[in-house]
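Accompanying notes for the structure given below.
The values are calculated or read from the model by the stated rules, or taken from the named source; none is laboratory data. Because the structure is predicted, anything quoted here is derived from the model rather than measured. Methodologically, a virtual Cβ is constructed for each residue, glycine included, from the backbone with ideal geometry; neighbour enumeration extends over all protein chains shown. Surface accessibility is based on the protein's heavy atoms, side chains included, excluding ligands, DNA and RNA. Shrake-Rupley method; radii C 1.70, N 1.55, O 1.52, S 1.80 Å.
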Amino acid sequence: WGYANRRIEGVLVVRDVLREVRLGDRAVAVLSPGTSGHFAVGGLFGESDALHLDHGSAFLRVESGGPFSVITTEGEVEVLGSRSGFPSRFPSPESCFEVTRMEEDMSQVNAVRGRWFGAGAIAMGMAVAVYEGSVHVSRGHADAGEGVTLHAGERAALDTQGVVHRPTSSDETT
């Protein structure tokens, strides 16, 4: 019996250095200093795998094999193409993406906000950048019809009200 047959849960706290953490059989997270949260993966009853990101930043690589989400106060990032047994509009053998919570580090908020949307444009709570595969960014699971789908090379942010914002084409060139 591997990870897929037992539910594994854990707490994550990273203090001073980047930390790589294996989340079950098919996900790896690289967590930045100051990151905290918890995760639950695997199980016999088809539960969704999830990383709950309370603070900080996580770079994730998720292989196909079932639902996987990153959940924050602002919203949810769901990996597409990873549901076994269900065809996906954008199938992907694996997805690679980064989620950053920005509620406390104002220098980080201002740098990303200015680079993506122009200074003072929005009060961002979470930024998402996709490097491989596809993800769906929304306010949360109950909001499944809302939000935006991002593919490799795309990014978006959720503001503190849970509204999804994407860079304008002029922002993409800077």
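List of remarks:
- Restricted to the stretch 39-56, and to residues there that are among the acidic types (Asp, Glu) and open to solvent by 60 Å² or more (accessible area, probe 1.4 Å), the residue that is modelled with the lowest pLDDT is 47.
- Boolean, residue 34 is open to solvent by less than 10 Å² (accessible area, probe 1.4 Å) and on the phi > 0 side of the Ramachandran plot: no
- The stretch 9-26 - residue that is surrounded by 15 or more Cβ atoms within 10 Å (Cβ to Cβ) and not charged (D, E, K, R) and, of those, modelled with the lowest pLDDT: 24
- Any hit, the stretch 109-116, residues being modelled with pLDDT of 65 or more and β-branched (Val, Ile, Thr): no
- Number of residues in the stretch 59-79 that are outside any strand (DSSP E or B) and either small (Gly, Ala, Ser) or crowded, with 21+ Cβ neighbours inside 10 Å (or both): the value is 6.
- Some residue of the stretch 70-78 being modelled with pLDDT of 90 or more, in contact with a Ser or Thr (Cβ under 7 Å, 6 or more places away or on another chain) and of a type in the set (A, V, I, L, M, F, W, C): yes
- You will find that of 146, 132, 172, the residue that is charged (D, E, K, R), more than 22 Å from residue 73 (Cβ to Cβ) and either at pLDDT below 85 or surrounded by 19 or more Cβ atoms within 10 Å (Cβ to Cβ) (or both) is 172 and no other.
- For residue 152: the one exception among (1) in contact with an Asp or Glu (Cβ under 7 Å, 6 or more places away or on another chain); (2) surrounded by fewer than 21 Cβ atoms within 10 Å (Cβ to Cβ); (3) modelled with pLDDT of 85 or more; (4) on the phi > 0 side of the Ramachandran plot: (4)
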